[in-house]
């Protein structure tokens, strides 16, 4: 991606850094739902491959309850966030 578009590394905070507790909830993968405009239900875990998810982290009440990475993405890897950055910024803005 860096060969096609200008990019930058965004470093994690070195001071006043917030750390999250983890309390993984295995029930998340078993949630079943029917997506819009679909006739068949699927599990949360199945949906991640259906919509090409590279990585996902669910934070609930201040704790990480679910965290998975797929394909080439790793927990400490570089990922092109592109337009999803607006969602992150909006979510963080509404938190504070």
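The values are calculated or read from the model by the stated rules, or taken from the named source; none is laboratory data. Computed from a prediction, not measured in an experiment: that's the story for all the values here. Note that each Cβ is placed from the backbone with ideal geometry, even for glycine, and that neighbours are counted across all protein chains shown.
Against the test of being without any contact (Cβ under 8 Å) to a residue 12 or more places away in the chain, surrounded by 10 or more Cβ atoms within 10 Å (Cβ to Cβ) and in contact with a strand residue (DSSP E or B) (Cβ under 7 Å, 6 or more places away or on another chain), the options 73, 57 yield a single qualifying residue, 57.
Among all positions in the range 24-47, there is no residue which is at pLDDT below 90, closer than 22 Å to residue 91 by Cα and within 17 Å of the chain's Cα centre (by Cα). What pairs come up if the first residue lies in the range 1-26 and is more than 15 Å from residue 78 (Cα to Cα), the second is modelled with pLDDT of 75 or more and exposed (fewer than 10 other Cβ atoms within 10 Å of the Cβ), and their beta carbons are under 9 Å apart, counting only those six or more places apart or on different chains? Qualifying pairs under 9 Å: 20/62; 21/62. Among the candidates 45, 29, 67, the residue that is assigned to a helix (DSSP H, G or I), surrounded by 11 or more Cβ atoms within 10 Å (Cβ to Cβ) and either in contact (Cβ under 8 Å) with a residue 60 or more places away in the chain or touching a strand residue (DSSP E or B) at 6+ places or on another chain (Cβ under 7 Å) (or both) is uniquely 29.
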